[in-house]
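Asks: Here you go, one structure.
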Amino acid sequence: MSLFLLFQTDNWKSKASRVFFGAFDSRNKAIDFAKYHDLYSHNSEVIVVEVQLNHFGEI
């Protein structure tokens, strides 16, 4: 199962400037949430990161 994490960051997309806004079950829902709450602007970017749940393996 995949989760999509929504972050807002600065124009340079540095990890230090990321602000977490939620976890969603689809990429489209995350993007719709960002548009509805006006997270897109000329000073910021939106990043959606896909993560796998219950995915175990050897390193």
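Asks: What order, most packed first, do the peptides 41-49, 24-32 have when packing is the mean number of other Cβ atoms within 10 Å of each residue?
Replies: By packing density, highest mean first, the sequence is 24-32, 41-49.
Asks: Relative to the longest principal axis of the chain, what angle (0 to 90°, nearest 10) does the C-alpha long axis of helix 27-36 take?
Replies: Around 20 degrees separate the two axes.
Asks: Quick check for you: with a 1.4 Å probe and neighbouring chains kept, what is the accessible area per residue of the chain, in Å²?
Replies: Ligands and nucleic acids excluded, the result is 78 Å² per residue.
Asks: Still on this structure, I have one more. Show that you can apply the helix-only estimate: for the chain, add -39,500 (n - 2.57) for every DSSP H stretch of four or more residues, divide by all residues, and state [θ] at 222 nm to the nearest 500.
Replies: Details: 1 runs with 10 residues, N = 59.
Taking each H run of at least 4 residues, the total per residue is -5000 deg cm²/dmol.
Asks: From Cα pairs below 8 angstrom and at least 6 apart in sequence, can you work out the relative contact order of the chain, rounded to a whole percent? Can you show the working numbers first?
Replies: Numbers: 91 pairs, mean separation 27.3, N = 59.
Over the chain, the number comes to 46 percent.
Asks: Here's a follow-up. So I have [x] 29; [y] 33; [z] 46, and one of them is percent of Cα pairs over 19 Å apart calculated from this model. Which one is it?
Replies: [y]
Asks: Where the accessible area of the chain is counted over protein heavy atoms with a 1.4 Å probe, how much of it, in %, is carbon and sulfur?
Replies: The C+S portion of the solvent-accessible surface of the chain is 55 percent.
The values are calculated or read from the model by the stated rules, or taken from the named source; none is laboratory data. Note that the structure is a prediction, hence the values are computed from the model and not measured. Virtual Cβ from ideal backbone geometry, glycine too; neighbours counted across all protein chains shown. Heads up: the accessible areas ignore ligands, DNA and RNA and are worked out on the full protein's heavy atoms, side chains in. Shrake-Rupley method; radii C 1.70, N 1.55, O 1.52, S 1.80 Å.
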